[in-house]
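Q: Following this message is one structure expressed as structure tokens.
Just so it is clear, none of the values below were taken in a lab; they were calculated from the coordinates. Because the structure is predicted, anything quoted here is derived from the model rather than measured. Heads up, the Cβs are rebuilt from the backbone with ideal geometry, glycines too, and the neighbour counts pull from every protein chain shown.
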Amino acid sequence: MNILVTYFSQTGNTETVAKAICDECATVGTADLKRLKDITPNDMARYDFIFVGSPLHAGRLAAPMQEYLRQLRSTSGQKMAGFITHFAAAYPEQSMEGFAEPIKTACKKNGIEFRGCFDCQGALSERLHGVVQKKLNATDEAWAEMLSQMTGHPNAEDKDRARAFARKMMDANRPREDRPSTTT
Ligand SMILES: Cc1cc2nc3c(=O)[nH]c(=O)nc-3n(C[C@H](O)[C@H](O)[C@H](O)COP(=O)(O)O)c2cc1C
């Protein structure tokens, strides 16, 4: 099986998750890790499964990812899953279901099977701390709490979760006899 893990990332959080997903996919098939800017919509024709990853920017997928999804053209029979990084809890009104909507829409339009979306806590770039604290009108105390929540993410646990997500997405594609036992 040919798998593509493609992502947009400015400060490395989404890239970290992409790498973890790609590592896991490599245990199942041939997995390519590519920045979004390095692929064209046509490139995807040779992949059976595509993972697309993006940070949240102003409550939406990053603009380059939205553009990619708008331009997506696919042959039938492919599968797709998403992954999103964010510093989320700072924006309580965020709905992860909603953020995956552009991915679902692109899948629907192109006859691609949408398999799911993984979301992951990321840390906010330090240069934005002041701006965002101000935007959120957060007290120093509230901001310190947000910082402690986001600092260090994505961490080892997040990467494990990303790998587990990839495994779950891939399991349906594995020959039954190769699947790990699920008996508890
Ligand atoms: C311009 C900009 C807007 C952002 N808007 C949001 C947002 O609306 N919600 C959120 O949770 N995080 C937001 N973030 C934080 C990023 O989504 C988060 O830091 C992400 O993990 C960055 O991924 P990257 O390192 O792959 O670029 C924003 C970051 C930037 C630079």
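Q: Would you order K34, K159 from fewest to most other beta-carbon atoms within 10 Å of each residue's own beta-carbon?
A: Final ranking by Cβ density, sparse to dense: K34, K159.
Q: Moving on to the next point. Segment 1-64 to segment 102-157: how many Å between their Cα centroids?
A: If you average the Cα positions of each part, the centres end up 17 Å apart.
Q: Fewest first, what order do R70, R163 take by the number of other Cβ atoms within 10 Å?
A: Fewest-to-most ranking of R70, R163: R70, R163.
Q: Which residue fluctuates the most in the chain, going by a Gaussian network model with Cα springs under 10 Å, if the choices are N155, N137, N110?
A: Checking each option, the largest mean-square fluctuation is seen for N137.
Q: Now for a separate question. Taking amide H atoms as placed 1.01 Å from N in the peptide plane, list the residues 5 or more away in sequence, or in a different chain, whose amide H sits under 5 Å from that of A62.
A: H57
Q: Comparing E101, E15, E157, which has the greatest mean-square fluctuation in the GNM of the chain with Cα pairs linked when under 10 Å apart?
A: Maximum fluctuation in the GNM of the chain, among the listed residues, is at E157.
Q: Further, regarding this structure: Can you give the helix-only mean residue ellipticity at 222 nm for the chain, where every DSSP H stretch with n ≥ 4 adds -39500 (n - 2.57) and the sum goes over all residues, rounded to the nearest 500 deg cm²/dmol?
A: Rounded to the nearest 500, the figure is -11500 deg cm²/dmol.
Q: Which one, A162, N110, F49, projects farthest toward the positive side of the charge dipole computed for the chain from Cβ point charges (K/R +1, D/E -1)?
A: N110
Q: Against the longest principal axis of the chain, how steep is helix 156-171, in degrees 0 to 90 to the nearest 10, with axes from Cα atoms?
A: On a 0 to 90 degree scale, this one is about 30.
Q: Could you give the angle, 0 to 90 degrees to the nearest 10, between helix 13-25's Cα long axis and the longest principal axis of the Cα atoms of the chain?
A: The angle comes out at about 20 degrees.
Q: Still on this model: Kirkwood hydrodynamic radius, segment 2-176, all distinct C-alpha pairs: what's the number in Å?
A: Averaging 1/r across every pair of different Cα atoms and inverting gives 16.6 Å.
Q: Roughly speaking, what is the stretch gain from E97 to K168, that is 0.36 nm per residue apart minus the C-alpha to C-alpha distance, in nm to one decimal?
A: Residue separation times 0.36 nm, minus the Cα-Cα distance, leaves 23.7 nm.
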